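Throughout, read-outs are computed from the coordinates displayed, never taken from laboratory work. Quantities reported herein were computed from a predicted structural model and do not represent experimental measurements. As a convention, Cβ positions derive from the backbone with ideal geometry for all residues, glycine included, and neighbour counts pool all protein chains shown.
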């Protein structure tokens, strides 16, 4: 009897087919949510970092990771949560930024530096439809914890954008 | 199970503070979440649902930290404790009131929480520092939202200013009470494991007091209402909050 044991590259490939449930146009690897993978024999450990601490998709993603890796023939899959350093919008791969933009979701602007606890102005983002930076936040919050709502004052289209963290 | 580097007094100080943090967030998340489907406009409905989710996420973080210190079960603590065992400030148990009350409570609480988290992110107790750093990033978005609403209401119409001013009158002593030191917390502060709330209070008064002053709002000159003093609203709140878990104690998963 032969057992198939996955190698690390297989695991990364499988994980890059796991979509984010709330942003299904991108996968969890290009979102920067996978911090590391270790394979020892049939045992696989995945270091996973959530974007927001209250993200309701986390449990779904953890189950999806287990399922995707188990399909490679791993006997045991462990998903460890890593919260330090916290996920940052700078962790997004270029491919994710491109796909988000194509889906009409503005990729995040660079996170603002400085320690001001109260900010009344959000960092400017470009409209994913026309590219204008003449945009305005219409709400700090959107359809998922990681998103907020904007309107483009140039082409008049409303759009969602990823928060800068 | 317990961190061997901590003395008994330090560990107890951490447990004490974690209990207050988790309970504040659990109850506030429940209150804020009750706006879902009832907020004045869809965007605000969504915003409050987001804020409630964040606070619940923070509560989970504190309860998980507590689990590593004393082996307690987060679900059991949230859903099976009686009112007398809760350690939150009464500011989080007060009913939602009107829009001004909800927004101002959230603003005063967010500012306290953000300052606490900011200081705790430099804690010498690494698990606490990491959890605080994560939550702090989220709290800034709350503040962005609630500070703006406080401005809108203060500078909006005479009616919105009147409601905000009434809310400030009622909320201020509870908000001050957030900064009352916990008996037993000092060993944690001395070892740089926990922030000193009396220092935070100065920062909070500068930040929030200064902001309110610019909006022509004067907080009342009242004594703090410390933690541990509760209102008749707590019982009904917990009955609703814990109802499903108590009716279905064997339910597993989600």
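What order do you get for B:96-109, B:201-214, B:22-35 when each peptide is scored by the mean count of other beta carbon atoms within 10 Å, highest first?
B:22-35, B:96-109, B:201-214
So, in nm, how far is label residue B:186 from label residue A:143 when the simple model puts each one 7 Å beyond its Cα toward the Cβ?
The modelled label-to-label distance comes out at 5.5 nm.
Report the FRET efficiency, 1/(1 + (r/R0)^6), for residue A:81 and residue B:155, where r is their Cβ-Cβ distance and R0 is 41 Å, rounded to 0.05. Before the final figure, lay out the partial values.
Numbers: r = 43 Å, r/R0 = 1.05.
Between residue A:81 and residue B:155 the formula returns 0.45.
Pick from A:19, A:107, A:85: which is most flexible by mean-square fluctuation in a GNM of chain A where alpha carbon atoms under 10 Å apart are linked?
Looking only at A:19, A:107, A:85, the biggest GNM fluctuation is shown by A:85.
Measuring from label point to label point, each 7 Å out along Cα→Cβ, what is the residue B:231 to residue B:5 span in nm?
The two pseudo-label positions are separated by 4.2 nm.
How far is it, in nm, from the label point at residue A:59 to the one at residue B:215 when both lie 7 Å from their Cα along the line to the Cβ?
3.6
How well do other chains shield peptide B:51-61, expressed as the mean number of their Cβ atoms within 10 Å of each residue Cβ?
Mean inter-chain Cβ contacts per residue within 10 Å come to 4.
Could you compute the FRET efficiency for residue A:40 and residue B:68, with r as their C-beta to C-beta distance and R0 at 25 Å, rounded to 0.05?
After rounding, the FRET efficiency stands at 0.50.
Using a Gaussian network model of chain A whose springs link C-alpha atoms within less than 10 Å, name the residue from A:22, A:30, A:40 with the highest mean-square fluctuation.
A:40
For B:125-136, what's the mean count of beta carbons from other chains sitting within 10 Å of each residue's beta carbon?
3
Could you give the angle, 0 to 90 degrees to the nearest 10, between helix B:42-70's Cα long axis and the longest principal axis of the Cα atoms of chain B?
Its long axis makes an angle of about 20 degrees.
What angle do you read, to the nearest 10 degrees and between 0 and 90, between the alpha-carbon axis of helix A:58-70 and the longest principal axis of chain A?
40
Please give the contour-minus-distance gain from residue A:4 to residue A:130: 0.36 nm per residue of separation, less the Cα-Cα distance, rounded to one decimal in nm.
Contour length minus Cα-Cα distance gives 40.5 nm.
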